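Single-structure report; data block below.
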Amino acid sequence: DHEQPGCLHAGMDLYKWSFKLLPLVDSDLVMRCFEHALLARELDMRASPYDLAEYGYSPIRIETPAGRAEYVRQQQQLADRAAPLRDTLAEKCRELLGH
């Protein structure tokens, strides 16, 4: 109830918790959460002061209006992508707890 689904780190935590629940959760779910965490981390790093150009990642310049808009757009896409993963993981946890 207190989670902020738009937060990139909340999205990355889906992988952490799905991995901790292995083998009680399907490995396909863990893999999908891992792939999501990679995308979230990429956005997080691109919006940071790190220079990732040599690794093929262009910066998102959040200090500009266009950069902030791009960040918000990608953050929303990630939140939308995470929602079914979050729902599936939460349902599995309820199932494991007998609720």
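The values are calculated or read from the model by the stated rules, or taken from the named source; none is laboratory data. Note that the structure is predicted; figures quoted are calculated from it, not measured. Here the Cβ is made from the backbone with ideal geometry for all residues, glycine too, and neighbour counts use every protein chain on show.
Observations on the structure shown:
- Matching residues, segment 21-37, being over 12 Å from L89 (Cα atoms) and either modelled with pLDDT under 95 or exposed (fewer than 11 other Cβ atoms within 10 Å of the Cβ) (or both): P23
- Selection status of A82, within 20 Å of A10 (Cβ to Cβ), in contact with a Gly (Cβ under 8 Å, 6 or more places away or on another chain) and assigned to a helix (DSSP H, G or I): yes
Condition check ((1) loosely packed, with under 15 Cβ neighbours inside 10 Å; (2) touching a helix residue (DSSP H, G or I) at 6+ places or on another chain (Cβ under 6 Å)) across all residues:
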residue	(1), (2)
G6	yes, yes
L14	no, yes
L43	no, yes
Q77	yes, no
